[in-house]
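Reading through the structure tokens given below for one structure.
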Amino acid sequence: MSRTRREPATWQLPAGVTRGLWQYATHPQIAYDYDDYFALNRLFEFDEQLVREFLGPPSRSGAVVVDLGCGTGRALIPLVRRGFRGLAVDLSEHMLHVVQEKADIEWLDIQCLHASIVELDGIADQSIDHAISLFSTLGMIRGRDNRLRMLEHVRRVLRPGGRFVLHVHNFWYNLYDPDGPWWLLRNLIGGTFRRDLEIGDKYFPYRGVPRMFLHVFRPAELRRDLRRVGFRFVDMVPLDPQRHRQLKWRRVASWLRANGWVVVVEV
């Protein structure tokens, strides 16, 4: 992948942002091809359906939804069409440019904020009605302390009764990959004894980025972190292997069978 600008030194990267994520966020073609690249992704249809169901219509005039790691606005724009005001937050200026172009075409009330989702001090306390963070955006943050910091910000900016809808991948689902059992064993050992690796941390090539980062979650870990910052659980929807519907027999070993979860919590 060619560089669009001089890359910062590692110590200059925002908190929780890996070199791979920085390359992903600063490459313009990834943003401008995003909608075409994911046009057939069935997860997008299902998680947008769940967002509509769990957030419902705006409960008051001027209700605001923030999309953290919004990409090109594919989940936020339908909510704004239904009457919400939108706040689009992303590390990629190119993604936000696409969002703004879409908003301008339809005269949609969307503001764009170029920021790391770990560093949301610029959003006022209790100024947001609902929040979403889909397509495993939480897992793109490296370091548990940084992920907790992001969750604390979400808890802080939401109004009482506000809901937060997020998507994550399941650590244990890696058992079904060809090399999955060996990866799980290596990761469990490495995450236990290495300071630079947490259980669930993965690096892999993705869309021209040689070392994209993703943290995949164990269900108990996810519940613990969300409750630690003060969220109450509404639902934790397990996804089937194709990620286009809820897992059948969701109460039967979903911790092992689910591809991931769409989680709904509230303040």
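FYI, it's all coordinate maths here, none of it is from the lab. Note that the structure is a prediction, hence the values are computed from the model and not measured. Here the Cβ is made from the backbone with ideal geometry for all residues, glycine too, and neighbour counts use every protein chain on show.
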Could you run the Karplus curve 6.51 cos²θ - 1.76 cosθ + 1.60 with θ = phi - 60° over region 57-73 and give me ³J(HN,Hα) per residue in whole Hz, x for Gly and Pro?
x, x, 8, 7, 5, x, 4, 10, 10, 9, 10, 8, x, 6, x, 8, x
Taking R0 as 25 Å, what's the FRET efficiency between residue 53 and residue 248 from their Cβ-Cβ distance, rounded to 0.05?
0.85
Two decimals, Cα atoms only, Kirkwood Rh: what is Rg/Rh over region 10-266?
0.94
Compute the FRET efficiency between residue 119 and residue 37 as 1/(1 + (r/R0)^6), taking r as their Cβ-Cβ distance and R0 = 30 Å, and round to the nearest 0.05.
0.65
In debye, nearest 20: dipole of region 129-233 around its Cα centre with unit charges on the Cβ of K, R (+) and D, E (-)?
400 debye
Under 5 Å between amide H atoms, partner at least 5 residues away or on a different chain: which partners does residue 41 have, H built in plane at 1.01 Å?
none
Once Lys and Arg get +1 and Asp and Glu get -1 on their Cβ, which of 61, 38, 22 lies farthest toward the positive end of the dipole of region 1-79?
22
Return the inverse of the average 1/r over all pairs of distinct C-alpha atoms in region 1-54, which is the Kirkwood hydrodynamic radius, in Å to one decimal.
13.6 Å
List every residue whose amide H lies under 5 Å from the amide H of residue 235, counting only residues 5 or more places away in sequence or on a different chain, with H placed 1.01 Å from N in the peptide plane.
264
With a point put 7 Å past each Cα toward its Cβ, work out how far residue 101 is from residue 256 in nm, to one decimal.
4.8 nm
Farthest positive-ward along the chain dipole, Cα basis, beta-carbon charges - from 229, 94, 118:
229
Can you tell me the equivalent ellipsoid semi-axes for region 132-232? Use √(5λ) from the Cα gyration tensor, largest first, whole Å.
26, 15, 13
Give me the dipole magnitude in Debye, nearest 20, for region 1-155 about the Cα centre, with unit charges on the beta carbon: positive for Lys and Arg, negative for Asp and Glu.
360 debye
Which ³J(HN,Hα) values, rounded to whole Hz and listed in residue order, are derived for region 40-51 from phi using the Karplus coefficients 6.51, -1.76 and 1.60 in 6.51 cos²θ - 1.76 cosθ + 1.60 with θ = phi - 60°, glycine and proline given as x?
9, 6, 5, 4, 4, 5, 6, 5, 5, 4, 5, 4
Net charge near residue 227: determine it from the other residues with C-beta under 13 Å of the C-beta of residue 227, scoring Lys and Arg +1 and Asp and Glu -1.
+1
Which of 184, 68 comes first, and how do the rest follow, when ranked by fewest Cβ neighbours within 10 Å?
184, 68
May I ask you to derive the FRET efficiency for residue 211 and residue 188 from their Cβ-Cβ distance with R0 = 22 Å, giving the value to the nearest 0.05?
0.60
Region 139-226: trypsin sites (Lys or Arg not before Pro) in DSSP loop, at most 14 other beta carbons within 10 Å
194, 195, 207
Dipole magnitude of the chain about its Cα centre, charges +1 at Lys/Arg Cβ and -1 at Asp/Glu Cβ only, in debye to the nearest 20?
920 debye
Going from the fewest other Cβ atoms within 10 Å to the most, one would list 27, 97 as 97, 27
For residue 212, the residues 5 or more places away or on another chain with a placed amide H closer than 5 Å to its own amide H are 204, 206
Give me the distance in nm between label points sitting 7 Å out from Cα along the Cα-to-Cβ direction at residue 175 and residue 235, one decimal.
2.6 nm
Ordered by residue, what ³J(HN,Hα) values in Hz, to whole numbers, does region 77-94 give under the Karplus form 6.51 cos²θ - 1.76 cosθ + 1.60, where θ = phi - 60° and Gly and Pro are x?
4, x, 5, 5, 4, 8, x, 6, 8, x, 10, 9, 10, 7, 6, 9, 5, 5
